[in-house]
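Chemist: Handing you a structure now.
Each reported figure results from applying straightforward, stated rules to the coordinates on display, with no laboratory input. Predicted model, so just to flag it, every value in this text is computed and none were measured. Ideal geometry is used to build each Cβ from the backbone, glycine not excepted, and the neighbour counts take in all protein chains shown.
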C-alpha cells in the first residue's frame, strides 16, 4: 500500500510540475505577472508534495507540509486580485 501512495505522490508532483512549466512558458511569451505567479505557486505545490513524501508526513497539518501549500494558494489568490485591480485601473 505504501508503494501505491508513493507512486500517487509522484504522479501528483509531476502534474504540479507540468502545470508550473506551462504557466512559466506562457509568462515567458506574454510577460503577464499572473502566469508567473501561477507557475511559482504550482512549483511550491510540487515542492510541498516532495517534502511531505520525503519526510513521510503522515499528518498533513504539520507545519512544513502545510506552509508551502498555504503559500502557493495565497500566491494564486494575490495574483488574481492583482490582475483584477490592475485591469480596472487601465
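Chemist: What FRET efficiency, computed as 1/(1 + (r/R0)^6) with R0 = 35 Å and r the Cβ-Cβ distance, is obtained for residue 54 and residue 78, rounded to the nearest 0.05? List each step's numbers first, then the result.
Modeler: On the way: r = 28 Å, r/R0 = 0.79.
Here the calculated transfer efficiency is 0.80.
Chemist: Relative to the longest principal axis of the C-alpha atoms of the chain, give the angle of the C-alpha long axis of helix 33-54, reported between 0 and 90° and rounded to the nearest 10°.
Modeler: Once rounded, one gets 10 degrees.
Chemist: Let me ask something else about it. Compute the semi-axes of the equivalent ellipsoid of segment 2-89, taking the square root of 5 times each eigenvalue of the Cα gyration tensor, and list them largest first in whole Å. Walk me through the numbers on the way to the answer.
Modeler: Numbers: eigenvalues 160, 47, 10 Å².
Equivalent ellipsoid semi-axes, largest first: 28, 15, 7 Å.
Chemist: Let's test the formula: R0 of 41 Å, r as the Cβ-Cβ distance of residue 88 and residue 22. What FRET efficiency results, to the nearest 0.05?
Modeler: Efficiency at R0 = 41 Å is approximately 0.95.
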